[in-house]
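The values are calculated or read from the model by the stated rules, or taken from the named source; none is laboratory data. Keep in mind it's a predicted model, so treat the numbers as computed, not measured. Reconstructed Cβ throughout: ideal geometry from the backbone, glycine too, with neighbour counts over all protein chains shown. For the accessible areas, the whole protein counts, side chains as well, though only heavy atoms, and no ligand, DNA or RNA atoms are used. Shrake-Rupley method; radii C 1.70, N 1.55, O 1.52, S 1.80 Å.
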Amino acid sequence: MPRPPERIRLGDLLIQQNLLSDEQLQLALAEQKRSGRRLGRIFVDSGYVTESGIAKALAHQLKAEFIDLQNFQTRPELLKLLPEGAARRYRAVPLDERGGVLRIGFADPTDLAVYDEVARIVKRDIDLAVVTESQLMPLLDRVYHRTEEISGLARELTAEMGDLPTEFGTGLSLTPGAEDAPVVKLLQTVFEEAIRLRASDIHIEPQEKSLTIRFRIDGVLHIQTEADSKISSAVVLRLKLMSSLDISEKRLPQDGRFDMKIRGQAVDVRLSTMPTQYGESVVMRLLVQNSALLDLDRLQMPPHVLTRFRHAIHQPSGIVLVTGPTGSGKTTTLYAALNELNSPRNKIITVEDPVEYRLPGLNQVQVHEKIDLSFTRVLRTALRQDPDIILIGEMRDQETAEIAMRASMTGHLVLSTLHTNDALTTPIRLLDMGVPRYMVALSVKMVMAQRLVRTICSNCAQPHAPESHEAEWLKYELGDKVAQYKYSVGAGCTHCANTGYQGRQAVYEFLEMTPPLVEAANLGDPGHFVRVGREQMAGNTLRRDAVRLVINGRTTIEEAMRISSQIGDEA
């Protein structure tokens, strides 16, 4: 068993192990005296020795084990022994248990006071291991999720409000700029954690006895924390102030937005309030403005889909539609297309609500219904601005759709989105909206439908034998070849918050308006149009693309089945 830490002169130790020269040590000591920085950090930043080199040297001296945390699987029940605040303060983490002795990784294994304090907190015999700080801090972020910090701030806000009546308590320290107010610190921490976890939405939901805060990550909601219901009105009031909403109106829904900087990133927050039985519920969509725009080649489209989509967007006129439910990545796809089309030769105008990405060289217009700056009004004006390409955020009504159709028939390329279930039913949806049949037949060049599926966490992927109902489902696409492929699932680890999934990837299908389809559209028989379209698509459906990801080990059968249930077996 390793002995407790001992006082070690780091510079002398590294010299003894031929990792550092006397000259480098003297230069580092001079820098430490000047700046006050830790000596080990100076060694690393100066390039004298690596962080792992220092850790391994210390482990060797202490007869302890060096642990590479990159793929280390922690145990949740052991993490509870050392609270989040102590883990961050003492730069330590419980690793595993051997013979009743708790092994703990320390970023500074030479600090006797830290060793003793951690042993006191966990109330167990402990065994020392050495870890690097650069691996430890991300691990703490993954396994603790700052839940304790957020809960502590919520308790602080509850204590500040005390026994004051709810309506009066909401006015405490809520003036804009009151950066030290508990409610401000609480929300700032919530936003920072949401961005770190790649959450797309934050849900703040008042219940009878608690306030629940949930994050939507990779399309699935996760509870972040639960706080005293007393702080609900204070949190909502602060968010309304940030969004310039009417703080006196609690009976009606309100929509707003605000911008903020989080970890150096510009974030656009879209906010929606809704009165519920126990107070106002708030949902916020987070749009990170400096997210790197993807190239079409990096969207991982199947080659045949990418070829046809690229061909469609390089046409001088016509409409290209991307369809799918909210949060299916439609805007990302369209902006990847705009990124490719963006050049000094093209004038591109976008009409959006909201503007989700900033792209240099584009003329981007934010719709504002309250001042009558509607899609149709902006679109009419845009056509007088001599554009080559127009992006319409969404075709919401007949008038917008007809203006877009006319624009495409007069020499403009129009890109837009529509909320439909699949590619095949999109032209029919336009007809149902009241768009003349000839416009749909002549204007629409291509419809691409997409969904986002969760991808298996690469750190905990393992083989999976399909269950009977999964095998039956796979037979629909693979026939008698189901047993020829290997399948995977994620076991769950600290990298994926024990979900087994990390990140998402789109699945696609497309429909091109070929002459037979144009003829079918002009006949006015939806059933006939669907039959012709299904023959043309020949199995290149969302479901088939999801199965492609399954057999390539990118997603699970369960996730592919979930996507399939949204679009129906006939999709």
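So, residue 232, is that one of a type in the set (Gly, Ala, Ser) and crowded, with 21+ Cβ neighbours inside 10 Å or not? Yes, satisfied. Based on this model, can you work out whether residue 88 counts as basic (Lys, Arg) and modelled with pLDDT of 85 or more? Yes: the conditions hold for residue 88.
The criterion of at least 2 residues that are farther than 26 Å from residue 440 by Cβ is met by the following strands (runs of 3 or more DSSP E) wholly inside the range 276-384: 279-288, 363-366. Residue check: residue 421 meets all listed conditions (1) crowded, with 17+ Cβ neighbours inside 10 Å; (2) at pLDDT below 95; (3) over 23 Å from residue 530 (Cβ atoms); (4) not β-branched (Val, Ile, Thr) but one, namely (3). When restricted to residues that are open to solvent by 50 Å² or more (accessible area, probe 1.4 Å) and over 19 Å from the mean Cα position of the chain (by Cα), the range 282-332 contains 10. Where helices (runs of 4 or more DSSP H) fall entirely within the range 1-114, those with at least 2 residues that are in contact (Cβ under 8 Å) with a residue 60 or more places away in the chain and open to solvent by less than 40 Å² (accessible area, probe 1.4 Å) are at 51-62, 84-90. One residue stands out in the range 206-248 among those that are in contact with a Lys or Arg (Cβ under 7 Å, 6 or more places away or on another chain) and in contact (Cβ under 8 Å) with a residue 40 or more places away in the chain: the one that is farthest from residue 504 (Cα to Cα), namely 229. The condition (being of a type outside the set (Phe, Trp, Tyr) and without any contact (Cβ under 8 Å) to a residue 24 or more places away in the chain) is satisfied by just one residue among 326, 307: 307. Take residue 335 and tell me if it is open to solvent by less than 10 Å² (accessible area, probe 1.4 Å) and either at positive phi or under 24 Å from the mean Cα position of the chain (by Cα) (or both). Judged against the criteria, residue 335 is a match. Return the pairs, sorted by first residue and then second, in which the second residue is hydroxyl-bearing (Ser, Thr, Tyr) and assigned to a loop (DSSP other than H, G, I, E, B), the first residue lies in the range 486-499 and is in contact (Cβ under 8 Å) with a residue 12 or more places away in the chain and buried (at least 20 other Cβ atoms within 10 Å of the Cβ), the beta carbons are less than 6 Å apart, and the residues are 6+ apart or on different chains. Close Cβ pairs satisfying both conditions: 489/556; 494/74.
Of all residues in the range 392-402, those satisfying the criterion of being over 28 Å from the mean Cα position of the chain (by Cα) and either of a type in the set (Ser, Thr, Tyr) or crowded, with 22+ Cβ neighbours inside 10 Å (or both) are 400, 401. Per the conditions (1) without any contact (Cβ under 8 Å) to a residue 40 or more places away in the chain; (2) within 25 Å of the chain's Cα centre (by Cα); (3) over 23 Å from residue 210 (Cβ atoms), the sole criterion not satisfied by residue 260 is (1). Only residues that are under 17 Å from residue 330 (Cβ atoms) and at pLDDT 85 or above were counted in the range 343-358, giving 3. Against the test of being surrounded by fewer than 19 Cβ atoms within 10 Å (Cβ to Cβ), hydrophobic (A, V, I, L, M, F, W, C), modelled with pLDDT of 90 or more and over 33 Å from the mean Cα position of the chain (by Cα), the options 409, 439 yield a single qualifying residue, 409.
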